[in-house]
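Report on the structure given below.
The values are calculated or read from the model by the stated rules, or taken from the named source; none is laboratory data. Note that this is a predicted model, so its numbers are computed, not measured. In this analysis, Cβ positions are derived from the backbone assuming ideal geometry, glycine residues included, and neighbour counts consider all displayed protein chains. Accessible surface is based on the protein model in full, side chains and every heavy atom, while ligands, DNA and RNA are left aside. Shrake-Rupley method; radii C 1.70, N 1.55, O 1.52, S 1.80 Å.
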Amino acid sequence: MSRKLLLENAHIEGIRYYDVYRKNGGYRSVEKALKMTPEEVVEEVKKSGLRGRGGAGFPTGMKWSFIAKPEGVPRHLVCNADESEPGTFKDRYLMEFLPHLLIEGLIVSSYALGSNTTYIYIRGEYAWIPDILEQAIAEAKANGFLGKNILNTGFDCEIYVQRGAGAYICGEETALIESLEGKRGNPRIKPPFPAVKGAWDRPTVVNNVETLAAVVPIINMGGEEYAKIGVGRSTGTKLISACGNINKPGVYEIDMTISVEEFIFSEEWCGGIKNGKRLKACIPGGSSVPILPANLLLKTAKGEPRMMNYESLADGGFATGTMMGSGGFIVFDEDQCVVKNTYTLARFYRHESCGQCSPCREGTGWMEKLLLRLEKGQGKTSDIDLLWDIQSKIEGNTICPLGDAAAWPVAAAIRHFRDEFEWHVTHAAEAQTRNYGLAHY
Ligand code: L3W
């Protein structure tokens, strides 16, 4: 059994409402944190080793300590609830079933950062969730945890919910800030980082929903205790949204000490591959991270069992960051066609590119066209090389990581499944009628 820190009470009936949440220990971390200094709260988060749960895995305590504090200038905390990464639906689960956990985390984090006006920027397609959050905010306010002079400490805090309008790019923190300000969500060049110049040019910290919810157990148990859970620099627990060809799709909380194999095949988690099929491949951290064939997925380059944590999911031909990503775990069985799936993703990134940078604007469209041609059995071998060339010229050449995110899945698909692309050229007639790919296990 993996330890649960966030979803521990998710099964309790009525936990969405203040009275039940409070009866089950809710808002203790606010009472505790507001007796500490803001610096002490930041220190606990630093000690916990918490890393950003949105995708980048950046140390949260470090990000918080970067916030500029110019005299007389308001600071803001913004909760990034624009969860749109294909395969990722863990924040939706948290907000829908445990809204008070997020609000509690936001109050503590706002206090630590000195944010009297805090925002939740939520994905437009999560149309039913703002009402849930707004009810939780109203309940917290009615019980003295939000508004003026919280718990008679002199700390004031308001939380506002801002709905997005259905653009994936608005999950990128600077695009989110632009959108929050009422403008088109075009990413800004960094630096300056939001911690120095963010919303309305004020110091701003943007953190993911799960990251901010994790502040609650960190304060309740202390940063050092939290850091004992997990392994190495992968401390605490992580939510994984598991989907694809598995028996038990859903949102799971893991403590980052279990292996990928255990996660896929154990009854406690994904329950194995659906319909008794074989595991072909997996995208372990949301569509922006590389697809891995079964052999590389289950074992690291050193031949050791691959574990569900940031470090163990950091090789496999992926130069930047970690494949833990946003925790969107997409499993493919033996019948899945990698070319077709890569095309689907390319279409998504082309649609979501903001169009600001030429390599992304032009490159995503070009990749989509080539992938469609190959998938339909109308491509040439040189198209595969062209595709490789295009993706390599997008990576690193755009303002924001959407370009990289569009390039990486294509690079990984060609790197690990080139024979499947070639099959679509050499077996053109079959590729036009067959809807699945070659076996890779
Ligand atoms: C101040 C410095 N702040 C870094 C801050 C920075 C940001 C955080 C991480 O992209 C990735 C992307 C997606 N002073 C700082 C500093 N910061 N240096 O630290 O920054 P960075 O640049 O490493 O990442 P990012 O731009 O935030 C996020 C990947 O996550 N991803 C995401 C998918 C989408 C979702 C979703 O829909 N929920 O998760 C999945 O892999 O591709 O690479 O706050 O300001 N010197």
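Residues in segment 17-55 that are in a loop (DSSP other than H, G, I, E, B) and surrounded by fewer than 18 Cβ atoms within 10 Å (Cβ to Cβ): Tyr17, Asn24, Gly25, Lys35, Met36, Thr37. When Tyr111, Tyr27, Tyr126 are checked against the criterion of being under 20 Å from the mean Cα position of the chain (by Cα) and either more than 10 Å from the ligand (Cβ to nearest atom) or over 27 Å from Gly232 (Cα atoms) (or both), Tyr126 stands alone in meeting it. Give me the residue from segment 199-246 that is open to solvent by 20 Å² or more (accessible area, probe 1.4 Å) and of a type in the set (Lys, Arg) and, out of that set, farthest from Leu101 (Cα to Cα). The selected residue is Arg202. Of the residues making up segment 274-299, those that are away from the ligand (no atom under 13 Å from the Cβ), free of Cβ contacts under 8 Å to residues at least 60 places away in the same chain and open to solvent by less than 20 Å² (accessible area, probe 1.4 Å) are Cys282, Leu297.
Taking the criterion of being within 20 Å of the chain's Cα centre (by Cα), outside any strand (DSSP E or B) and modelled with pLDDT under 95, the only residue of segment 228-249 that qualifies is Arg233.
Checking every residue in segment 381-392 against the condition of being within 16 Å of the ligand (Cβ to nearest atom), outside the structural domain of Pro86 (by TED's automatic domain parsing) and either open to solvent by less than 30 Å² (accessible area, probe 1.4 Å) or within 22 Å of Lys190 (Cα to Cα) (or both) gives at least one match. I need the full set of residues from segment 126-174 which are among the polar types (S, T, N, Q) and over 30 Å from Thr398 (Cβ atoms), in order please. Result: Gln135, Asn143, Asn149, Asn152, Thr153.
The residue that is surrounded by the fewest Cβ atoms within 10 Å (Cβ to Cβ), among those in segment 56-90 that are within 13 Å of the ligand (Cβ to nearest atom) and charged (D, E, K, R), is Lys63. Within the option set Ala142, Ala136, being surrounded by 14 or more Cβ atoms within 10 Å (Cβ to Cβ), modelled with pLDDT of 95 or more and touching a helix residue (DSSP H, G or I) at 6+ places or on another chain (Cβ under 9 Å) holds for one residue only, Ala136.
Does Ala405 qualify as being open to solvent by less than 10 Å² (accessible area, probe 1.4 Å) and either assigned by TED's automatic domain parsing to the domain that holds Leu296 or within 14 Å of the ligand (Cβ to nearest atom) (or both)? Yes; evaluated as a whole, the condition is true for this residue.
Results for (1) assigned to a helix (DSSP H, G or I); (2) within 20 Å of Phe89 (Cβ to Cβ); (3) assigned by TED's automatic domain parsing to the domain that holds Trp64, shown as yes or no for each residue.
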{"position": "Val251", "(1), (2), (3)": "no, yes, no"}
{"position": "Phe263", "(1), (2), (3)": "yes, yes, no"}
{"position": "Gly271", "(1), (2), (3)": "no, yes, no"}
{"position": "Cys282", "(1), (2), (3)": "no, yes, no"}
{"position": "Pro290", "(1), (2), (3)": "no, no, no"}
{"position": "Leu297", "(1), (2), (3)": "yes, no, no"}
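Is it the case that some residue within segment 164-178 is within 16 Å of the ligand (Cβ to nearest atom), in contact with a Lys or Arg (Cβ under 8 Å, 6 or more places away or on another chain) and open to solvent by 40 Å² or more (accessible area, probe 1.4 Å)? Within segment 164-178, not a single residue is within 16 Å of the ligand (Cβ to nearest atom), in contact with a Lys or Arg (Cβ under 8 Å, 6 or more places away or on another chain) and open to solvent by 40 Å² or more (accessible area, probe 1.4 Å).
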